[in-house]
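K.L.:
What follows is a single structure, and I will ask about it in a moment.
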């Protein structure tokens with residue numbers, strides 16, 4: 001019944017437009033009563049995002065089940081991947097919804113509030129992990145926000161490709177960028193990695209190294225990089 | 001007239017509650033007609049955030065006027081400070097509004113859409129600056145989002161202190177964290193700075209250095225830090 005309501009709603013949204021479709025139209029096409037609709041969905045907007053509540057609950061449970069010594073930035077990146085999985089489960093539905101959301105300001109506002117709730121879930125976990133550290137809440141908010149922005153940049157790029165590209169690889173790449181900025185690298189490299197950010201004329205060299213890495217390896221990496229570029 | 005409408009609106013919001021106050025109530029107290037209200041504010045929500053449109057326009061103009069070789073991360077941090085200035089212009093009004101916004105879900109949704117527009121303005125500038133670089137749009141989105149999150153973390157902390165603390169210092173500190181993660185440091189240090197992130201048991205040493213810094217200085221900093229901690 002729930003799936004039938006979603007299918008009917010999207011058929012009408014695409015045929016007539018979102019604003020021109022009423023809940024009565026949806027229930028008539030699905031062959032059910034209004035009360036059945038509102039049993040599943042508090043409003044017409046909610047039928048556009050039928051799985052976000054479940055995904056938010058999954059994310060919260062996933063974070064609550066974290067090992068105590070899990071690397072926190074990696075953990076929130078993994079939590080964000082649950083959102084991608086939801087979109088990738090049904091690419092054609094996700095692409096349709098993406099187009100619809102771009103056209104209807106009310107749906108964009110709804111989506112912003114959903115994104116905000118994901119971000120708050122990630123930040124709450126990080127605040128717990130960073131509790132007692134200096135700037136714990138600041139770090140938690142900034143990292144949660146960066147993770148969501150990276151995830152959504154990759155997700156949108158996949159949706160714009162009509163769901164044709166490799167969603168997982170795109171999101172992994174985007175999240176690796178956040179991990180490199182804030183946490184252990186995605187593969188927790190034992191050897192140092194050197195990243196030259198080309199900020200001409202004020203180039204900055206950033207060296208990220210596990211503390212266990214021998215100093216000569218760090219120096220070697222810096223020398224190689226400076227010589228190479 | 002505009003200020004009188006804002007003052008009347010806030011007096012009623014605080015006395016009766018936001019939902020219980022109508023535009024008719026506001027114009028009656030301000031002694032003007034409904035049309036005057038809607039000349040200044042498209043809706044009741046807009047009167048709660050009377051200066052965001054001006055601030056968004058200021059931010060866009062500020063970014064458009066950037067020097068071509070401005071360090072881009074620092075530039076968007078400076079742009080974000082314009083929002084702080086708007087709040088700090090009138091602390092008691094900002095604190096009242098903060099309390100109101102926390103209580104009224106509709107205003108929170110409105111605020112999310114405003115924040116999203118600031119973030120898009122910063123990201124648009126960064127996309128231009130990063131055009132043609134690998135991952136330019138990803139970096140732009142992530143950094144814009146991190147800047148907004150840091151700014152808002154500091155702003156909220158100031159608002160929760162009833163506008164008593166030093167708003168500028170709090171925001172500067174928060175933005176310096178983002179600059180250290182993504183760009184040149186806040187004071188563009190010529191000497192390398194070393195930051196140990198205490199991720200026990202997998203501590204990571206992060207060295208940020210201008211490319212001009214001599215290698216021996218970088219090595220010295222790493223040695224000092226590893227020896228010290």
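Since every read-out is calculated from the coordinates, none of them should be taken as a lab result. Treat the numbers as computed from the prediction; the structure is a model and nothing was measured. Neighbour counts run over all protein chains shown; Cβ positions are idealised from the backbone, glycine included.
K.L.:
Put a dot 7 Å past each Cα toward the Cβ at residue A:109 and residue A:20; how far apart are the dots in nm?
P.N.:
The answer from the label model is 2.3 nm.
K.L.:
Further question: Expressed as a whole percent, how much of the Cα-Cα distance distribution for the stretch B:1-48 exceeds 15 Å?
P.N.:
I get 28 percent for the Cα pairs in the stretch B:1-48 exceeding 15 Å.
K.L.:
Turning to a different aspect of this structure: Answer rounded, prolate or oblate for the stretch B:2-130, using the Cα gyration tensor with square roots of eigenvalues a ≥ b ≥ c: rounded when a/c is under 1.5, else prolate when a/b is larger than b/c, else oblate.
P.N.:
Judged from the Cα gyration tensor, the stretch B:2-130 comes out prolate (a/c at least 1.5, a/b above b/c).
K.L.:
Based on the mean of other beta carbon atoms within 10 Å per residue, what is the order of A:136-143, B:89-96, A:93-100, most packed first?
P.N.:
A:136-143, A:93-100, B:89-96
K.L.:
What does the structure give for B:110-116 when I average, per residue, the other chain Cβ atoms found within 10 Å of the residue Cβ?
P.N.:
That works out to 3 on average.
K.L.:
Relative contact order for the stretch B:50-182 using alpha-carbon pairs under 8 Å, separation at least 6, rounded to a whole percent?
P.N.:
29 percent
K.L.:
To continue, here is another question. Between copies, how close do the residue A:39 label points come, placed 7 Å along Cα→Cβ, listed in nm from shortest?
P.N.:
Computed spacing set for this position: 5.4 nm.
K.L.:
Between residue B:54 and the same site in the other copies, what are the distances in nm, shortest first, taking label points 7 Å from Cα along the C-beta direction?
P.N.:
Counterpart label points of residue B:54 in the remaining copies fall at 4.9 nm.
K.L.:
Between residue A:51 and residue B:93, what is the label-point separation in nm under the 7 Å Cα-to-beta-carbon projection?
P.N.:
A separation of 4.6 nm, rounded to one decimal place.
K.L.:
Hey, got the Cα dimensions of the stretch B:20-79 along the principal axes, in Å, largest first?
P.N.:
52, 20, 14
K.L.:
If you don't mind, there's one more thing I want to ask. With a ≥ b ≥ c the root eigenvalues of the C-alpha gyration tensor of the stretch B:91-192, is it rounded (a/c under 1.5), prolate (a/b larger than b/c) or oblate?
P.N.:
Oblate.
K.L.:
Now a separate question. Find every distance from the label point of residue B:85 to the corresponding label point in the other copies (7 Å from Cα along Cα→Cβ) and write them in nm, one decimal, shortest first.
P.N.:
4.7
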